[in-house]
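Everything on this sheet refers to the single structure shown next.
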There are 2 protein chains.
Amino acid sequence: MPELLDAAIDDELRAFFAEARVRAGAYGAHYAALWESIEQQSTGGKRVRPRLVWSAYRGFGGADRAMATRVALAFELLHTAFLIHDDLIDRDLVRRGEPNVAGRFAARAIAHGADERASTVWGETAAVLAGDLALSRAHRELAMLPVARECRESLLDILDRAVFISAAGELSDVVSSLRGTTPALESVLATLEQKTAVYSFEAPLAAGAVLAGAGDEAVAALCRFGRLVGVAFQITDDVLGVFGDPAVTGKSASADLREGKRTALIAHAATTPSWPAIAARLGDPSLDEDEADRLREELRRCGALDAALALASEHVTLARYELDAADLPAPLRAELGEFAQRATERVR
Amino acid sequence: MPELLDAAIDDELRAFFAEARVRAGAYGAHYAALWESIEQQSTGGKRVRPRLVWSAYRGFGGADRAMATRVALAFELLHTAFLIHDDLIDRDLVRRGEPNVAGRFAARAIAHGADERASTVWGETAAVLAGDLALSRAHRELAMLPVARECRESLLDILDRAVFISAAGELSDVVSSLRGTTPALESVLATLEQKTAVYSFEAPLAAGAVLAGAGDEAVAALCRFGRLVGVAFQITDDVLGVFGDPAVTGKSASADLREGKRTALIAHAATTPSWPAIAARLGDPSLDEDEADRLREELRRCGALDAALALASEHVTLARYELDAADLPAPLRAELGEFAQRATERVR
């Protein structure tokens, strides 16, 4: 069933971008290329958000696949917008091993004879605009949804909350990472929840449920579940970012160490006697593979790895409690329970 | 009447931002400060867009001031979002003589002990997020409007077109300014129309008219009028940017010359024998006031100033033709005719 949904989302995205490219063509080749780069950025993901929309929608008896696909598309485009603007903030030119929007446009500038400074400006401009366009389309997709006003307004409230809280999380992530203080676990977890869990897990689940006509209490339970499971996924992703197999995760296992990314793993390490030794090397952009290996060993030995995994498991357990305590259709409870389990199973 | 509307918009903006700041406070002082900086950015403008919404709405018999104010607010927030992201693209830290969102956050970072690199990142992050939040709110304001579905969807179509075309204009502006080629008048005018005239003139007029229930033909005429008058205002603004009194325009009369901004004025100069002499000094960041004066003299002597003013007047004339040819209520035609006249009167 998820495969069928993936195909429906892919079809919907393809149709949307085909139309946008034609429309953009009237404003020149660069603008058409910008839309192509947004499409590029929106493919290759794991479609986590569309699947959650669909699970919740179907779980509450929803049967209009086309309608669910449009809601799913809105959250996928929101995700695309956030990825593009997140990369802009981080000045990254690569995402999932491929040039991102800014990377593509910087290369396009060079191909058009621009110098390096100009190519940076092309890249940044493209990233600002591409994010704005994807974000606008996410709003439009829900605003134009042909459902009853009350339902549409609830969906718009969910989107509003997701945008509002994600921005708060992004800001506090950037601010705390630049302040150079030792990361506290509490603030790391709050940032994970705000920056990712709300828009990627809570909101799609709530939207699917609302679209299917679920009651307020059930929706609220799904929201709590979504936040907890979202944090569990993020903690695990961060563990995989350091200890995972690059062939599976698609990213270098040393990049987060070189960047000094503030994760639950690192926040726990900061509470151990090993911290001075870890802190001395963490965030050094010139870290070589041997040094990264020693850092990994240190993170393992001081108990940070186990603590982070335990924390992720705890979040999964709490998420499952929410499912059990709520009045949900049994198949939905089972499906989401399995989904939660997958958050931590990936590291075994 | 415009003063009354300004007060209503100010009240609406104040109420909106007061609520947002309280809501943001739950996510920390930095996030509340981000919302404050968005509010700051949204004040001090000339409220051109709200006034156009109101003129068109009232002109077609609209009487629900609260409803018109919400639509006006949407376009004012769209404008705020575009200003913030435009400054981000230009790496400007100042707007209307005051620190902008990025400028404020860069200063905030320094006050919190950040170094220069970190303060740049704080500033850029704040600008990305502030623009996203204002843009999202513009969409939401129309999406939640309690009017008939058909009317709301027409308003959303107007917003969609405004966002789509503004992004095209911004991209082509950046791309052409970095390519170092001589600006062609045609492409300068197309960029003015796309980047500014559509979202600032056409869209607010169309939205006010649609909200009041105006017919398709009248709305289409207002759209054509808006694009023409918008281009007239922009040509004149660019002339004032070089020949205006800084005490009136609020910006240095040499900044555009130092930046080498591609305007109708410059595009005309590029067709004259004076161009090599002008091009040699234009866009030199170290241009002093005497050199800027000589450049201004050259632009006057080669006929570029007169040509730009004539072009602006032509656009006003064409805009007024649109008003005369359309089936519009007489008071609206008179009001918009006077408004169009003001585009060029400012340079006399």
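General remarks:
- Ordering B:Leu13, B:Phe339, B:His315 by Cα displacement along the dipole of chain B toward the positive end leaves B:Leu13 in first place; charges were set at the Cβ atoms of Lys, Arg (+1) and Asp, Glu (-1).
- Whole-Å distance, taken between Cα centres, linking segment B:1-40 and segment A:42-119: 30 Å
- Here r is the Cβ-Cβ distance between A:Asp324 and B:Asp90 and R0 is 45 Å; the resulting FRET efficiency, rounded to 0.05, is 0.25.
- For A:Arg300 and A:Ala66, the difference between the fully extended length at 0.36 nm per residue and the C-alpha to C-alpha distance is 79.5 nm.
- With label points set 7 Å from Cα along Cα→Cβ, the inter-copy distances at B:Ala18 are 5.2 nm, sorted shortest first.
- Shortest-first nm distances, B:Asp216 label point to equivalent points in other copies (7 Å, Cα→Cβ): 4.3
- Long-range HN-HN contacts of B:Arg95 with modeled amide H, under 5 Å: B:Asn100
- Taking the average, over residues, of other Cβ atoms within 10 Å as the packing measure, peptides A:124-132, B:134-142 rank A:124-132, B:134-142 from highest down.
- Exposure proxy order (Cβ contacts within 10 Å, fewest to most) of B:Ser274, B:Ser37: B:Ser274, B:Ser37
- Fewest neighbouring Cβ atoms within 10 Å first, the residues A:Ile84, B:Ile9 line up as B:Ile9, A:Ile84.
- For the protein assembly as shown, the calculated P(r) over all alpha carbon pairs, in 10 Å bins from 0 to the bin holding the longest distance, is 3, 14, 24, 25, 18, 10, 5, 1, 0 percent.
- Rounded to the nearest 20 debye, dipole of chain B from Cβ charges on Lys, Arg, Asp, Glu: 340 debye
- For segment B:1-98, trypsin sites (Lys or Arg not before Pro) are listed when DSSP marks them as loop and at most 11 other Cβ atoms sit within 10 Å of their Cβ; the list is B:Lys46.
- Three-way shape label, segment A:201-252, alpha-carbon gyration tensor, a/c 1.5: prolate
- Subset of A:Lys195/B:Lys195; A:Lys195/B:Lys46; B:Lys195/B:Lys261 violating a 25 Å alpha-carbon distance limit: A:Lys195/B:Lys195; A:Lys195/B:Lys46
- Of B:Trp54, B:Gln40, B:Gly131, farthest towards positive along the dipole that unit charges on Lys, Arg, Asp, Glu beta carbons give segment B:1-145: B:Trp54
- Summed residue charge, Cβ within 10 Å of A:Phe82's Cβ, Lys/Arg positive, Asp/Glu negative: -3
- Local net charge near B:Pro99, Cβ-Cβ under 13 Å (Lys/Arg +1, Asp/Glu -1): 0
- Cβ neighbours within 10 Å from other chains - mean over B:141-151: 3
- Inter-centroid distance (Cα atoms) of segment B:286-316 relative to segment A:221-295, Å: 58 Å
- Here segment B:147-348 yields Rg over Rh of 1.03, to two decimals, using C-alpha coordinates and the Kirkwood radius.
- Charge dipole (Cα centre; +1 on Lys/Arg Cβ, -1 on Asp/Glu Cβ; no other charges) of segment A:1-146 amounts to roughly 260 debye.
- Placing +1 on each Lys and Arg Cβ and -1 on each Asp and Glu Cβ, with no other charges, gives segment B:147-348 a dipole about its Cα centre of roughly 140 debye.
- A point 7 Å from Cα along Cα→Cβ stands in for B:Arg281, and the other copies hold the same point at 6.1 nm, listed in rising order.
- √(5λ) per eigenvalue of the Cα gyration tensor, chain B, largest first, Å: 32, 30, 16
- Percent of C-alpha pairs per 5 Å bin, segment A:1-146, short to long: 2, 10, 19, 21, 18, 13, 8, 5, 3, 1, 0, 0
Here, each number is a calculation from the coordinates, and none is a lab measurement. Model, not experiment: these values are computed from the prediction. Counting neighbours? That spans all protein chains shown, and the Cβs are built from the backbone with ideal geometry, glycine included.
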